[in-house]
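Below is one structure, written out as structure tokens; the observations come after it.
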Amino acid sequence: MWTGQFAKRHNISQSTIGFYIKQGLLAPAIVNGRYDFRESDDLDMQLIAELKRLQFNLEDISVAVTQFRIFKDSVAPADQRLLSMFINKRMELLEEQARLQSSLTFLEQTICMMQERENAREAKTQVNGLDIRFLPLLNCPCGKRLTMNLEQIESGQIRNASLSCTCGYNAVIENGILINPKGECLPTPPVYTYFHPDEEMTGEMRNYLYHLYRQMESMLSDSSCNGKVILETHIGNSSFLLQKAKVLSPSSLYIFCDPQYEVIAREKKLLDALDRQLNTMCIVSNYQVFPLERGCVDFIIDYFQNTSFDLFTDGFVFPRWKRYLHQGSKLIGVFIDIPHNSRSAVKFKAIHPDCTPNMHSFEDFKHSLKEHGFVIEQLYQPDPLSRSYHPWHYPGDKLHYYCYCARLEKP
């Protein structure tokens, strides 16, 4: 058969066949100036393919093909180099087999453990309602007390109810989730999602964010959180408090808030499945106005929320939170400083044309905190990043991340 037919039979390119001929791996007959491949060439090609699969290099493949071609019908002793080569390869494969078996055993044990834990979690998961301990914290955004019409309550857990105020405000509790009415609060600005799926992050970036998480955890643990009210205002892809659930104080009250019902429903399902009971309330609401009593919150977790809010509204969101804070309340959060007029800033504006023309720096943020009566107690600034996973980050521009803890001194 000719070269094209031979290439098709063995699913390789004609250029590869030419290379093998040049290297002496294939030795077809030449008929009328053309290569004529025969049964012996098929056998050579099959041997080449098998040796490549076993990861032999070209030199070893050449030795093997030559020896098999010369001695396949001979009773001469086996070539010692070829025999040694195959014995060594067999030892390599046996070692690899042992490593793979060990890895398979580890994976099987890990999968089994994770499945058992998941099955146990699902078996004991119960849908919790809104704990009545949160009732004293609920209030109409206008400042008046809310009237509650209970529809379903079990063991101190409110599953379904309606809330109303004489000002016309109405909200509902459905399956234990407090849903703030749309259109009766200040509008929520577009939410910029800073975090892409994990598979798009480098290991370096995951470690960087992990250290920011650890700093926030340290700042929270340094403060006395027992019996306190802690509010996380932006859940998004991942909740900071939920990831730290195993070390959170069981005596505190935790409030989770996000404008998307699907996000809060997902979060509540995870909270209901926790191994340890925490006092939690889930609210579907924007990031500015909550149906909460004034001055009732001790800590607010700000995971890039002030940065995100500023990028689309030309201002920070924390001044709107002050009504829910009291003297001594704290903000614990992370802030990204995008260099003003940098290539990254220009690229961000091109991707998000609805963003504000101004991008405030962390210095602006600190100044605004001071203006509104906050004092920064702790500040952590890791080395800036020159490369990240942000689609708007121009390689080489330095992004500064700040982890801060600010205390309200003058409400």
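The values are calculated or read from the model by the stated rules, or taken from the named source; none is laboratory data. As the structure is a computational prediction, the values presented were derived from the model and not from experiment. Every residue, glycine as well, gets a Cβ built from its backbone with ideal geometry; the counts of neighbours run over all protein chains shown.
So the values come out like this:
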{"quantity": "Looking only at the stretch 33-65, and only at residues there that are under 15 Å from residue 18 (Cα atoms) and part of a loop (DSSP other than H, G, I, E, B), the one that is farthest from the chain's Cα centre (by Cα)", "calculated": "33"}
{"quantity": "Checking residue 341 against (1) over 17 Å from residue 233 (Cα atoms); (2) touching a residue at least 24 places away in the same chain (Cβ under 8 Å), the condition it does not meet", "calculated": "(2)"}
{"quantity": "Of all residues making up the stretch 230-250, the number that are touching a residue at least 40 places away in the same chain (Cβ under 8 Å) and either touching a Leu at 6+ places or on another chain (Cβ under 6 Å) or not in a helix (DSSP H, G or I) (or both)", "calculated": "8"}
{"quantity": "Number of the condition not met by residue 44 [criteria: (1) touching a Lys or Arg at 6+ places or on another chain (Cβ under 7 Å); (2) free of Cβ contacts under 8 Å to residues at least 12 places away in the same chain; (3) within 16 Å of residue 68 (Cα to Cα)]", "calculated": "(2)"}
{"quantity": "Lone unmet requirement of (1) buried (at least 17 other Cβ atoms within 10 Å of the Cβ); (2) closer than 27 Å to residue 360 by Cα for residue 313", "calculated": "(1)"}
{"quantity": "Residue 46 vs. criteria at pLDDT 85 or above and under 28 Å from residue 91 (Cα atoms)", "calculated": "yes"}
{"quantity": "Residue in the stretch 379-391 that is without any contact (Cβ under 8 Å) to a residue 60 or more places away in the chain, outside any loop (DSSP other than H, G, I, E, B) and either in the same structural domain as residue 349 (by TED's automatic domain parsing) or more than 24 Å from the chain's Cα centre (by Cα) (or both) present", "calculated": "yes"}
{"quantity": "Residue under evaluation residue 301, criteria (1) within 25 Å of residue 211 (Cβ to Cβ); (2) free of Cβ contacts under 8 Å to residues at least 24 places away in the same chain, criterion not met", "calculated": "(2)"}
{"quantity": "Test for residue 68: is it modelled with pLDDT of 80 or more and either assigned to a helix (DSSP H, G or I) or outside the structural domain of residue 267 (by TED's automatic domain parsing) (or both)", "calculated": "no"}
{"quantity": "Conditions (1) exposed (fewer than 12 other Cβ atoms within 10 Å of the Cβ); (2) part of a loop (DSSP other than H, G, I, E, B); (3) modelled with pLDDT under 85; number of the one not met by residue 181", "calculated": "(1)"}
{"quantity": "Verdict on residue 105 being modelled with pLDDT under 85, in a helix (DSSP H, G or I) and among the hydroxyl-bearing types (Ser, Thr, Tyr)", "calculated": "no"}
{"quantity": "Residue among 378, 327 that is in contact with a strand residue (DSSP E or B) (Cβ under 7 Å, 6 or more places away or on another chain), surrounded by fewer than 21 Cβ atoms within 10 Å (Cβ to Cβ) and closer than 22 Å to residue 303 by Cβ", "calculated": "378"}
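Quick grid of which residues meet (1) at pLDDT below 90; (2) assigned by TED's automatic domain parsing to the domain that holds residue 235; (3) assigned to a strand (DSSP E or B); (4) surrounded by 15 or more Cβ atoms within 10 Å (Cβ to Cβ):
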| residue | (1), (2), (3), (4) |
| --- | --- |
| 152 | yes, no, yes, no |
| 158 | no, no, yes, yes |
| 188 | yes, no, no, yes |
| 192 | yes, no, no, yes |
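Yes/no per residue for (1) in contact (Cβ under 8 Å) with a residue 60 or more places away in the chain; (2) assigned to a loop (DSSP other than H, G, I, E, B); (3) over 26 Å from the mean Cα position of the chain (by Cα):
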residue: 326; (1), (2), (3): yes, no, yes
residue: 330; (1), (2), (3): yes, no, yes
residue: 354; (1), (2), (3): yes, yes, no
residue: 395; (1), (2), (3): no, yes, no
residue: 400; (1), (2), (3): yes, no, no
